[in-house]
Amino acid sequence: MAAKKQTVSMIDTFKEFKETKNIDRTTLVSVLEESFRNVLAKIYGSDENFDVIVNPDKGDFEIYRNREVVPDGEVQDENKQISLSEAQKIDEDYEEGEEVSESVDFAKFGRRAILNLRQTLASKVLELEHDSLYNKYKDREGQVVAGEIYQAWKREVLILDDEGNELILPKTEQIPNENYRKGDTLRAVILRVDNENNNPKIILSRTSPTFLQRLLEAEVPEINDGLISIKRIARMPGERAKVAVESYDDRIDPVGACVGVKGSRVHGIVRELSGENIDVINYTTNIKLFIQRALSPAQISSINIDEAEHKAEVYLKPEEVSLAIGRGGLNIKLASMLTEYTIDVFREAADDDEEDIYLDEFADEVDQWIIDSLKAIGLDTAKAVLKAPREMLVEKADLEEETVDQLLEVLRAEFES
């Protein structure tokens, strides 16, 4: 009786699984029946002559074994045949050639059989879980999902979706310096769905350009309506991104539409991406113009293009070079990624450039703090200082008039010599 209760309890457990995983009734019945048949086949050698009736809604089941009545002494397969005398003990009206159907008490098979059934059922349930998870996500690569952070480890973060399915955010797909706390809600894009050995893994990403694209599509109606197209995206996750957009309606400014009034449309995305600044530029097939826009805010003087090698030589005025390169080389890296061209930046030579001298070369004659003050207001060469108004040197560089006069005297002396 205890074994019977164990078996029924097991079916109740499966019913709970059905409710949480939304397994349809046909599949549920099929899995239960197959689990019973696997055990019966191990016990009797075959399950072909058994009828298994399961009712998961009520949590009960019935098993019947069907055997052919044969003359006494001619039983060759005890599982599928029964002698006439044995059949007539069940019902004296049985005759040779008829079929005897007997109810099978599964509990009588003992603890081992019930354990075997549990293991088989657990295996089938796991397969269903895997199939359900894979089928749910296999066609959703590139979509954004939200889930609750369940656990954060050194190499990955485990996220649970609204059905309790496990999603993985690897370290390589995390925005640097983000903090992940258990219980927080996190959004990411589905990078890929692996299914090795029928063990599906849903891999997420917050660093993929596709994630930024989906956020823009959700925030900018014109993109979602097909009036604006996102042509290319380059990201340094958590730091800065460049997005090239194009409008199919001349009346729409694609950059303005994406940025919004006072940046209203990108503010939320910047927060979502942990402060990642977003530059939006107009896309063009004119590669020279595209590179020029990609290097914004720097102003370019001229460009030489090698289309075969996908290389570009960009010439700029001295004061524009640092803008083109950006802090830590970030601006030029993103511009190269966006345009798919290797970009080399060169300082444009002025007519008298060869005579100019960087202020740092006067360190023996001029105090370093004076040089630093001048460089802080954008004056890094001797000629730049000599061309600047004396009042500017006094006020903006915060220098004494006597100090300025001595400085100018040193610089002029160098050129006169």
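The values are calculated or read from the model by the stated rules, or taken from the named source; none is laboratory data. Being a predicted model, the structure only gives us computed values, none of them experimental. Backbone-built Cβ (ideal geometry, glycine too); neighbour counts: all protein chains shown. Note: accessible area is taken over every heavy atom of the protein model, side chains too, but ligands, DNA and RNA are not part of it. Shrake-Rupley method; radii C 1.70, N 1.55, O 1.52, S 1.80 Å.
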**OP:** Go through the stretch 175-205 and give me each residue that's open to solvent by 50 Å² or more (accessible area, probe 1.4 Å), in contact with a helix residue (DSSP H, G or I) (Cβ under 8 Å, 6 or more places away or on another chain) and within 19 Å of residue 152 (Cβ to Cβ).
**Re:** 187, 191
Original post:
So which strands (runs of 3 or more DSSP E) stay within the stretch 206-321 end to end and still have 3 or more residues that are loosely packed, with under 14 Cβ neighbours inside 10 Å?
Top reply: 302-306
**OP:** Could you pull out the residue among 30, 85, 35 that is in a helix (DSSP H, G or I), in contact with a Ser or Thr (Cβ under 7 Å, 6 or more places away or on another chain) and hydroxyl-bearing (Ser, Thr, Tyr)?
**Re:** 35
**OP:** Answer yes or no as to whether residue 97 is open to solvent by 40 Å² or more (accessible area, probe 1.4 Å) and either out of contact with any His (no Cβ under 8 Å at 6 or more places or on another chain) or without any contact (Cβ under 8 Å) to a residue 40 or more places away in the chain (or both).
**Re:** yes
Original post:
Tally time: how many residues in the stretch 58-90 are open to solvent by 70 Å² or more (accessible area, probe 1.4 Å) and without any contact (Cβ under 8 Å) to a residue 12 or more places away in the chain?
Top reply: 8
Original post:
Taking the stretch 50-77 only, how many residues are in contact with a Phe, Trp or Tyr (Cβ under 9 Å, 6 or more places away or on another chain) and either part of a strand (DSSP E or B) or closer than 18 Å to residue 102 by Cβ (or both)?
Top reply: 12
Original post:
Among the helices (runs of 4 or more DSSP H) confined wholly to the stretch 363-417, which include 1 or more residues that are farther than 17 Å from residue 318 by Cα?
Top reply: 368-376, 390-395, 401-416
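Look at the stretch 89-127 and say how many of its residues are in a helix (DSSP H, G or I) and of a type in the set (Phe, Trp, Tyr).
Looking only at that region, the number is 2.
Output the number of residues of the stretch 286-309 satisfying the condition of being of a type outside the set (A, V, I, L, M, F, W, C) and within 30 Å of the chain's Cα centre (by Cα).
Adding up the residues that qualify gives 2.
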Subject >> Residues that are out of contact with any helix residue (DSSP H, G or I) (no Cβ under 7 Å at 6 or more places or on another chain), closer than 17 Å to residue 207 by Cα and surrounded by 15 or more Cβ atoms within 10 Å (Cβ to Cβ), drawn from the stretch 125-146 >> reply: 145
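On the given criteria, is residue 324 in contact (Cβ under 8 Å) with a residue 12 or more places away in the chain, out of contact with any His (no Cβ under 8 Å at 6 or more places or on another chain), in a helix (DSSP H, G or I) and open to solvent by less than 60 Å² (accessible area, probe 1.4 Å)?
On the way: in contact (Cβ under 8 Å) with a residue 12 or more places away in the chain: yes; out of contact with any His (no Cβ under 8 Å at 6 or more places or on another chain): yes; in a helix (DSSP H, G or I): yes; open to solvent by less than 60 Å² (accessible area, probe 1.4 Å): yes.
In short, yes.
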Subject >> Top-ranked residue of the stretch 335-391 - restricted to ones that are buried (at least 18 other Cβ atoms within 10 Å of the Cβ) and over 20 Å from residue 407 (Cα atoms), ranked as modelled with the lowest pLDDT >> reply: 345
